[in-house]
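Read through the structure below, which is laid out as structure tokens, and then see the notes.
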Amino acid sequence: MHLVARKLRIGLIQMSMEADKQANHAKAERLVRQAAARGADIVCLPELFDTLYFPQAKKDEAAFALAKAIPGPTTRLLAGLAKELGIVLIAPIYERHGKKFYNSIAVIDERGKLLGTYRKMHLPHDPLFWEQHYFEHGDLGFKVFKTRKAKIAPLICFDQWFPEAARIAALKGAEIIFYPTAIGRIKGYKEPDDWLGAWTCIQRAHAIANNVHVAAVNRTGNEGRLSFWGHSFVSDPFGRVLANAGPKKDAALVVEIDLDENQRVREGWGFFRNRRPRDYVELKEPKALKPKKDVLHRKTPAAQGYRFPAEWEKHDALFLAWPYDLITFENLGNVEKAYAHLIRSLQETKSERVNLFVTGKRMRKRVEAFLQEKGADPKKVRFYEHGYADVWFRDYGPSFVANRQQKRLGMVKWRFNAWGGKYQELLKDDSVPARINREWRKPFFRAGMVMEGGAIDVNGRGSLLTTEDCLLNDNRNPGLSRQEIEATLCEYLDVSNVIWLGRGVQGDDTDSHVDNLARFVDEKTIVCAFEGDRRDPNYHNLKDNFERLRKARDADGAPFTVVKLPVPHLVSGGKRMPASYANFYIANKAVLVPRFGLATDARARKIIGRFFPGRKIVGIDCRDLVHGCGTLHCISQQVPKTGFPRGGKRR
């Protein structure tokens, strides 16, 4: 005997929003009434239904005033409407709970009773989607609500890209998953892939994999730089789209669904009865990309004769990941040109081979044509296909170490936590080192410590530069002391002398990576970003770093020569960019130096060029690349040749 009716109608409210909250309430009420008049039993509003999508702004303090308590005035208003119409109402609301703020959903039944709240679990944090500035991650877990007509699970927008959320909802008994959403296109940008198709596909896939109905409820209209594409739709449990509201119009889409279809498909395909939960422990402890045991070493690299060479020592290759994310780079075309210039420069100077990550065959084909058009030879590039999230290869890639006696290459795998957990959506790039070693099969050393490659620089004679703001930060390794961090660096990179700088430049989201501040240019010399204007916000931090370097000693107790580098005063959109000339890359026969269209560009190249008389100094336009808070050194990682002289004395 069925506990709930098998056939019912669900209503999807697709609507545009404006700054006037009362006007949004009035429009929502009008559309909800339309849906109820057409027989809807359950009605869902779009994400943040009564406000504009304010997370487009990186931080708008005024937006916090939009948040309301649950229960509160908005839920009381909607409860009255639900009771009057005899419907279940799914209402996405900006919630204030004490001193915390959430992107939430209130579920109200046909009696006007608040059944409960769901708080969005997955939050994006990129330009135009700065949700982590406004919302806490959800703390109530994934919820299923039993209503008179069906068991429903509300999830919100970014949750839709995570199959785990849909699976948990289905395992908890959900028959319909509702995804109220705010998604669309970026104005003036021609997307390289079919974003709308992918959005539709992922939710249809959730329906199929979990044998449930899925309702995607989107907003529409133009807001700031975003054009929300609408296309709210309902999928049955085999992925068939039952109805679609289309683009760019307000609509009350009402669709009849048959919940008997859920069980029919589930029994026919056996997705649930053939699950193997015991074998899914790797979802918590991933092993799929781990190298085979015969190349996973537990002894440290230094103990086995490996060292991390200085960057000016000979390279076999350079790793890069091709840029594709418009959220990171608003002017993506100019960033692609910078990449092509970089690759062409390495080829023209016969420096080193480029190993280039692309997301798949489609991107590879496009990149090959682009490189050809820009004068680089794609046939001299070795491509790696992998689903990476962003381009900062120095930070998530391995540190390649070399063994002189055995002429062997190894990899040190650091833990990558997206710069102290700032960007949850970029954590997937922690898998890149193991992806490389699936093909290379080199000795693979897991350091077990959170670190990014841009946080260090070495002179090849035992000394290493880093910063307290990064490696001693509580968001990296809160359980490790300074001494324990130094010991790890010494044992995994074969250094003996760790030099600590303080803080970095304004706007740097890495917590002061040293490759934006100071770099070795030979065993005895360091170039250091220095700001001479006392009124400049970077003056005190950079002066402190300079003074620390003047007092520092090398592994043999001798002082360094410290040379000042100018600081580029690059402003974009009224914002000071974290630009630095110290973010150069030393190739075999060239040094690639960032340029920003400033008078200081030539002076910086001249200073750096003094230390590399046998290499061509090439300026690469980084005015758009730096919008991602990094430039040439951040996007690259060198692969050393083996068989070079050993580093300095070790303690």
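The values are calculated or read from the model by the stated rules, or taken from the named source; none is laboratory data. All of these numbers come straight from a predicted model, not from anything done at the bench. For neighbour counting, all protein chains shown are included, and Cβ atoms are generated from backbone atoms with ideal geometry for every residue, glycine included. When the accessible area is computed, the model is the full protein with side chains, heavy atoms only, and any ligands, DNA or RNA have been set aside. Shrake-Rupley method; radii C 1.70, N 1.55, O 1.52, S 1.80 Å.
Assorted remarks:
- Scanning segment 345-366 for residues that are surrounded by 15 or more Cβ atoms within 10 Å (Cβ to Cβ), touching a residue at least 40 places away in the same chain (Cβ under 8 Å) and within 14 Å of residue 385 (Cα to Cα) yields a total of 4.
- Summed over segment 415-432, residues that are in contact with a helix residue (DSSP H, G or I) (Cβ under 8 Å, 6 or more places away or on another chain) and either of a type in the set (Phe, Trp, Tyr) or without any contact (Cβ under 8 Å) to a residue 60 or more places away in the chain (or both) total 9.
- Looking only at residues in segment 144-168 that are assigned to a helix (DSSP H, G or I) and in contact with a strand residue (DSSP E or B) (Cβ under 9 Å, 6 or more places away or on another chain), the one that is most open to solvent (accessible area, probe 1.4 Å) is 168.
- Of all residue pairs spaced 6 or more apart or on separate chains, those with beta-carbon atoms under 7 Å, a first member in segment 560-578 that is farther than 26 Å from residue 524 by Cβ and a second member that is surrounded by 15 or more Cβ atoms within 10 Å (Cβ to Cβ) and among the acidic types (Asp, Glu) are 578/508.
- Selection within segment 84-110 - more than 11 Å from residue 154 (Cβ to Cβ), touching a strand residue (DSSP E or B) at 6+ places or on another chain (Cβ under 6 Å) and of a type in the set (Ser, Thr, Tyr): 102
- Given (1) touching a residue at least 24 places away in the same chain (Cβ under 8 Å); (2) part of a loop (DSSP other than H, G, I, E, B); (3) open to solvent by 10 Å² or more (accessible area, probe 1.4 Å), index of the condition residue 141 fails: (1)
- Residues of segment 534-559 that are outside any loop (DSSP other than H, G, I, E, B), among the basic types (Lys, Arg) and open to solvent by 80 Å² or more (accessible area, probe 1.4 Å): 550, 551, 553.
- Cβ-Cβ under 8 Å pairs, at least 6 apart or on other chains, segment 265-283 side open to solvent by 80 Å² or more (accessible area, probe 1.4 Å), far side outside any loop (DSSP other than H, G, I, E, B) and modelled with pLDDT of 85 or more: 283/164
- Where strands (runs of 3 or more DSSP E) fall wholly inside segment 560-642, the ranges with 3 or more residues that are of a type outside the set (Val, Ile, Thr) and either touching a Pro at 6+ places or on another chain (Cβ under 6 Å) or at pLDDT 95 or above (or both) are 590-595, 616-621, 637-640.
- Only listed residue being of a type outside the set (Phe, Trp, Tyr) and in contact with a helix residue (DSSP H, G or I) (Cβ under 8 Å, 6 or more places away or on another chain), chosen from 67, 165: 165
- Condition check for residue 435: outside any loop (DSSP other than H, G, I, E, B), open to solvent by 30 Å² or more (accessible area, probe 1.4 Å) and closer than 17 Å to residue 398 by Cβ: no
- Residue selected from segment 370-406 under the condition of a type in the set (S, T, N, Q) and modelled with pLDDT of 95 or more, by the criterion surrounded by the fewest Cβ atoms within 10 Å (Cβ to Cβ): 372
- Qualifying positions in segment 376-405 - out of contact with any strand residue (DSSP E or B) (no Cβ under 7 Å at 6 or more places or on another chain) and in a loop (DSSP other than H, G, I, E, B): 376, 377, 387, 389, 390, 392, 404, 405
- Unique match (being open to solvent by 40 Å² or more (accessible area, probe 1.4 Å), touching a residue at least 60 places away in the same chain (Cβ under 8 Å) and under 27 Å from residue 132 (Cα atoms)) among 99, 7, 68, 59: 59
- Highlighted here are the strands (runs of 3 or more DSSP E) found entirely within segment 169-228 that include at least 1 residues which are open to solvent by 50 Å² or more (accessible area, probe 1.4 Å): 184-186, 220-223.
- Candidates 134, 94, filtered to the one that is over 22 Å from the mean Cα position of the chain (by Cα), open to solvent by less than 60 Å² (accessible area, probe 1.4 Å) and among the aromatic types (Phe, Trp, Tyr): 94
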